[in-house]
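> Take this structure first; my questions come after.
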Amino acid sequence: MKILAAPIEALAWFENGKPHPLRLKLDGKELKINKVVTVTEEKLAGNRMLLFRCQSEINDDLRAL
């Protein structure tokens, strides 16, 4: 699997302060998130981050993002 460190735009809704991703834009293409596989919390340079591992359909193929 190829890992990219690129900024993306994401659309999410929030429930009780927790984000739930719906769609994202990657390389100008808008992708609908079918399923959130895992959510992990990391701390980088003192900043807390939530990392979402999602599943989406790309070219009629389910892929992990």
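Bear in mind that the values in this text are calculations on the coordinates, not laboratory data. Since this is a predicted model, take the numbers as computed values, not measurements. Neighbour counts run over all protein chains shown; Cβ positions are idealised from the backbone, glycine included.
> Filter the stretch 48-65 down to the residues that are small (Gly, Ala, Ser) and surrounded by fewer than 12 Cβ atoms within 10 Å (Cβ to Cβ) and list them by number.
If the condition is that a residue be small (Gly, Ala, Ser) and surrounded by fewer than 12 Cβ atoms within 10 Å (Cβ to Cβ), then Ala64 is the only one that fits.
> Kindly indicate which of Leu31, Leu11 is in contact with a Ser or Thr (Cβ under 8 Å, 6 or more places away or on another chain) and either touching a residue at least 12 places away in the same chain (Cβ under 8 Å) or of a type in the set (Val, Ile, Thr) (or both).
Sole residue among the options that is in contact with a Ser or Thr (Cβ under 8 Å, 6 or more places away or on another chain) and either touching a residue at least 12 places away in the same chain (Cβ under 8 Å) or of a type in the set (Val, Ile, Thr) (or both): Leu31.
> Here's a follow-up. Would you point out which residue out of Ala45, Ala6, Ala12 is of a type in the set (A, V, I, L, M) and surrounded by 12 or more Cβ atoms within 10 Å (Cβ to Cβ)?
Exactly one residue qualifies, and that residue is Ala12.
> Residues that are within 10 Å of the chain's Cα centre (by Cα) and among the acidic types (Asp, Glu), at least 1 per element: which strands (runs of 3 or more DSSP E) completely within the chain meet that?
It comes to 9-15.
> Still on this structure, I have one more. Can you give me the number of residues within the stretch 33-65 that are basic (Lys, Arg) and within 21 Å of Lys2 (Cβ to Cβ)?
The qualifying residues number 3.
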